[in-house]
Amino acid sequence: MTALRVQGLRSGYGKVPILAGVDLLVAGGEVVAVVGPNGSGKSTLLKTICGLIRPYSGQILFDGRDMAGRPSYHIARAGISYVPEGGRLFPNMTVRENLLMGAFATPANLKSGLLEEIYTLFPILQRRGRQYAATLSGGEKQMLAISRGLVSSPKILMLDEPSLGIAPKLVEEIYDRLHALKAKGLTVLLVEQNTNFALELADRAYVLENGRIVLEGSGQDVAANPEIKRHFLGL
Amino acid sequence: MIVNILQSVADGALMGCVYALIALGLSLIFGVLNIVNFAHGDFVMLSMYLTFWASTYLSLDAVFTPLITIPLLFGLGVLIYYSIIQKTLRERFVVQVAVTVGLMTFLRAFAQLVWEARPRALKFSIIQGNFPLGPFTVLLSRLISASLSIVAVVAVAMFLKYSWLGRSIRAASDDADAASLMGVNIRWTYAFAFAMGSALTALAGGLLMTFQQVDPTMGLRFGLLSWCILALSGLGSISGLLISGVIVGVAEALTVAYWEPRARSLIVYLIFVVILWLRPRGLFGRK
């Protein structure tokens, strides 16, 4: 079953175009990675899907409904959860309060023990519960951001550069948890510079260059493609 | 001499609690919408006139008029947010200033038209009167006003800290985009915060009318007072706001008693400037 289908998506910042017609598909239970060089439009793609940027044209079909141009709170309530680059936590709120905000639109989730599940995934968050989010380390912030995105039990989780600016050891830990979430059947759309980790996790991958999809295939195929290796991945 | 000074300090401190309540409304609007509302003091002035009106024509005691004026000011806040404020949020700072200064001038002109320029005061309130306490005299109206103000400030703090809606208001204040990603309707939340900030002036206005008069130019003074208190306290600390209100109230009272009543705005302005100069984020504020 198709969870998300993006068709002919064109978008950008004000009058500066970034995406020049992107087609993309994420099936239910699938992990899809979008890789590509800096400035290729990876973040713009996710920001447009979640409604932070209005598209110029194109369709964003989610559960059969077109989400293009709808306000972001509306898209979030429909079940698309976006974890922004750098986390974008609420710095003057505690770790626990950040998690509670994650369930703003789905308060029933808090009674169903979802919070405890998340604490099993990232035990550090429970210990840091009363601390202000601003006081966390880079890795802990990212764990909290991902957890906050999960508390709404979204139909699709979109991750924007989850490894950016984080110590290598913690990147491993975060990806280890993402593998666990994948095993549980979570649908993920992931954007990464750190292609090794992303392609290893992904079922399928797209390569984005100058706002266009230039290659698509299974994670392994894309990782093995000699052109890709040379041009984008710097391997 | 000592007794007189302490009496002034106590009177000023009680007054300062009401000031803190006014400043809390401003703090909510500034902290959440990030808009500098120059008209806030004129909301207080308007509330005082509405209290006068409700008290005179509906024979309602001033202490109870907030039951009417709070919903009125809340509604007015919603109206003003959607008709004026929302359009300025994405504009440059000067545009926001021009709009709220315009609103301030409008409210003052409106009050002059409807209630004329002469001061109005209520002849009676059930909480008027005083009682001796040792060598001091306690004004009942001020004591009750200060207590109700503290209760209101604490209630708002609890609402922001522990309620669902309050949490989303704080989230919107921290990062509006991130809050919208959690499913928070930002426009609606802004409207609520603006209306709530305005509604708090209704309570303050009602309390003030139990012991003082109102005239159409008063708004500027309350605006200055609340900006000074907010600068002194910084954003995000409720107890800081109360303490700052008391500091300003006491400074004002001592100036009136021992120097010159006409200099009280001067002193408030002086505190404002000095604190912005020495410690721009206030004594108790977050970064």
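The values are calculated or read from the model by the stated rules, or taken from the named source; none is laboratory data. Keep in mind the model is a prediction, meaning the values are calculated, not measured. Cβ: placed from backbone, ideal geometry, glycine included. Neighbour counts: every protein chain shown. With ligands, DNA and RNA removed, areas are computed over all heavy atoms of the protein, side chains included. Shrake-Rupley method; radii C 1.70, N 1.55, O 1.52, S 1.80 Å.
All conditions but one from (1) open to solvent by 10 Å² or more (accessible area, probe 1.4 Å); (2) part of a helix (DSSP H, G or I) apply to B:G12; the one that does not is (1). When you check B:Y19 against the structure, is it modelled with pLDDT of 95 or more, of a type outside the set (K, R), open to solvent by 50 Å² or more (accessible area, probe 1.4 Å) and part of a helix (DSSP H, G or I), yes or no? Here the answer is no, as B:Y19 does not meet what is asked. Out of the residues in segment B:102-122 that are farther than 16 Å from B:G206 by Cβ and not in a helix (DSSP H, G or I), state the one that is most open to solvent (accessible area, probe 1.4 Å). Applying the filter and picking the extreme gives B:R118. Candidates are the residues of segment A:100-125 that are hydroxyl-bearing (S, T, Y) and more than 11 Å from chain B (Cβ to nearest Cβ); the one that is farthest from A:E173 (Cα to Cα) is A:S112.
Restricting to segment B:79-101, count the residues that are over 15 Å from B:L46 (Cβ atoms) and either part of a loop (DSSP other than H, G, I, E, B) or under 19 Å from the mean Cα position of the chain (by Cα) (or both). Number of matching residues: 8. Note on segment B:263-285: among residues that are within 21 Å of the chain's Cα centre (by Cα) and of a type in the set (K, R), the one that is most open to solvent (accessible area, probe 1.4 Å) is B:R281. Restricting attention to segment B:250-261, the residues being assigned to a helix (DSSP H, G or I), more than 22 Å from B:S239 (Cβ to Cβ) and modelled with pLDDT of 90 or more number 5. In segment B:262-283, of all residues being in a helix (DSSP H, G or I) and among the small types (G, A, S), the one that is nearest to B:S27 (Cα to Cα) corresponds to B:S265. For A:E97, the conditions (1) under 20 Å from the mean Cα position of the chain (by Cα); (2) closer than 18 Å to A:I146 by Cα; (3) at the interface with another protein chain (Cβ under 9 Å from one of its Cβ atoms); (4) open to solvent by 10 Å² or more (accessible area, probe 1.4 Å) are fulfilled apart from (1). Picking from residues in segment A:166-211 that are over 14 Å from the mean Cα position of the chain (by Cα) and in a loop (DSSP other than H, G, I, E, B), the one that is farthest from A:Y56 (Cα to Cα) is A:A167. Here B:R170 fulfils each of the conditions (1) away from chain A (no Cβ under 14 Å); (2) open to solvent by 30 Å² or more (accessible area, probe 1.4 Å) apart from (1). Can you name the residue in segment A:69-94 that is among the polar types (S, T, N, Q) and either touching a residue at least 60 places away in the same chain (Cβ under 8 Å) or more than 7 Å from chain B (Cβ to nearest Cβ) (or both) and, of all such residues, is farthest from B:R286 (Cα to Cα)? Per the stated criteria, the residue is A:S81.
Those strands (runs of 3 or more DSSP E) of segment A:1-94 in which at least 3 residues are hydrophobic (A, V, I, L, M, F, W, C), considering only elements entirely within it, cover A:2-13, A:16-27, A:31-35, A:57-62.
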